[in-house]
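Following: one structure in structure tokens, then a few remarks.
Every number here is computed from the coordinates shown, using simple stated rules; none is lab data. Worth saying up front: this structure is predicted, and the values here are computed from it rather than measured. Here the Cβ positions follow ideal geometry from the backbone for every residue, glycine too, while neighbour counts run over all protein chains shown.
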Amino acid sequence: MSSSTTETTSPHGFSLEGEAYVEAIIERYRQYVNPGLARLMQFGGFGDVEVSAGGCVLTTATGAKYLDFLGGYGVFSVGHRHPKVVEAVHRQLDRLPLSARTFFCEAQALLAEQLARLTPGSLQFTFFSNSGTEAVEAALKMARVATGRTQFVSAEGSYHGKSMGSLSVTGREKYRKPFEPLVPGVSFVPYNDVEALAAAVTSETAAVILETIQGEGGIIPAKPGYLAAAREICDRQGALLIVDEVQTGLGRTGALFGVDHEGVCPDIMTLAKALGGGVMPIGATIATPPIWERIFGENPLLHTSTFGGNPLACAAGLAALEVIQEENLVQRAAERGEQLLAGLRAVQKEAGGAITEVRGRGLMIGVEFAVKDVAELTINGMARRGVIAAYTLNNPKVIRLEPPLIVTAEQVDTALSAFREAALEAISLLEGLEETVE
Ligand SMILES: *Cc1c(COP(=O)(O)O)cnc(C)c1O
């Protein structure tokens, strides 16, 4: 009985297999999840069902194997189902998966200690939640209480999440507009523009919130000196600097944190994606003692979360931090990143003007195309060649590559040849179409 269940595609006793299984699952998305999303995924070349994954490889219900060069937008930094993370979560699962919420929790205590040790400057206390957007919500609330001010300055093209507060500081009108009025007092400035930031931050500003590389904005790294200037501007006005490292944190950019490239210390840092070791969801908001005193000094329950800091998530987080250190993933991200950048730039030369820029840091790399359709066709073509990539939410001309940091040099080469073939094919296809139209 148990052996036959492991052989079928479904862990839920669903009896269909292969194409029929895939169609049945997609049909349920159409009926019960999100019909538009189902169309979008099928159109994008992802009309299959994920079944299992390990390392950098994802297997689907039709038996296809994909090299995961999207890496869950930064979730799978230690790879899929890293044995050490899985084992840590198993151990915790067999004892106490969720907190009874009355006694102290070892995993939470140890993870908070590690985060204090690893994060820069005087970042010391951690509030745990379950996602990136929750980590940002907590940061915004802390900044208001700590400064007694209500205004925020954020960057155009930024992405900080989709709950009401985080959305209010997310720099893309398309996602904000339908939900207005949002949290008031937020102004947006062009990213990487020091003068604009200096002009926007006043004695009313509670905090400036920035990414160290804009992820959804199109993989746009902070220019040298920008974050340091932001730090100075905040200090001058008595505003706090929140750095959102939900995507860039924990080795992704070839440094443990994106701010480490500049030696900048934020007042509040947010983490999520990679912190759960690709096994559990978790969010973390880390801040300095004075900020903690302001928010929790009088009322330690002023901000709470039922599931935040649960033993399973913290066990995964502890194991993930160990793996990142033991396997030297920060250094490896830097090295594989160089290889990937160099390979992509070679394809850019071959592609004439169709690829306008290749940019990024570590294993957070963006390829900007002149035309959105070419980017889309390239993603599709890569999928057909067994490599997963995606575009950035706020800039569909940009393909993002964010493989697990454990990716090997050979896997990078495989992805590069898939990218090259897919991009050149897409470019010639669209050139052909244009000629037919003329
Ligand atoms: C993904 C992301 C978020 C939101 O995280 P969720 O877990 O999707 O809520 C916030 N900030 C940044 C920089 C992100 O990349």
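Among residues other than Ile291 with Cβ under 12 Å from its Cβ, the summed charge is +1 (Lys and Arg +1, Asp and Glu -1).
Based on Cα contacts under 8 Å between residues 6+ apart, the chain shows a relative contact order of 20 percent. Working ranking of peptides 262-275, 282-295, 412-425 by packing, defined as the average number of other Cβ atoms within 10 Å per residue, highest first, is 262-275, 282-295, 412-425. Rounded to the nearest 500, the helix-only mean residue ellipticity at 222 nm of the chain stands at -13000 deg cm²/dmol, with each DSSP H run of n ≥ 4 adding -39,500 (n - 2.57). P(r) tail for the chain: Cα pairs beyond 35 Å make up 31% of the total. Checking the table Lys65/Lys162; Lys65/Lys397; Lys177/Lys273; Lys162/Lys349 against a 29 Å threshold on Cα-Cα, which pairs fail? Distance filter (> 29 Å) returns Lys65/Lys162; Lys162/Lys349. With the highest mean first, a sort of the peptides 183-193, 238-248 on other beta-carbon atoms found within 10 angstrom per residue produces 238-248, 183-193.
May I ask what percent, to the nearest 5, of DSSP beta bridges between residues of the range 110-326 are antiparallel?
Values: 11 of 25 bridges.
Looking only at bridges with both residues in the range 110-326, the antiparallel portion is about 45 percent.
In terms of packing, defined here as the mean over residues of other Cβ atoms within 10 angstrom, the peptides 355-362, 12-19, 311-318 line up highest first as 311-318, 355-362, 12-19. Taking each residue as 0.36 nm, the span from Val57 to Arg95 lengthens on full extension beyond its C-alpha to C-alpha distance by 10.7 nm.
Each principal axis of the Cα cloud of the range 223-319 was taken in turn, and the coordinate range along them, longest first, works out to 40, 39, 14 Å. The Cα center of the range 254-332 and the Cα center of the range 360-414 differ in position by 27 Å.
The length gained on full extension between Ser417 and Ala199, counted as 0.36 nm times the residue separation minus their Cα-Cα distance, comes to 73.9 nm. Under the shape rule built on the C-alpha gyration tensor, where the axes satisfy a ≥ b ≥ c, the range 110-326 is rounded, since a/c falls short of 1.5.
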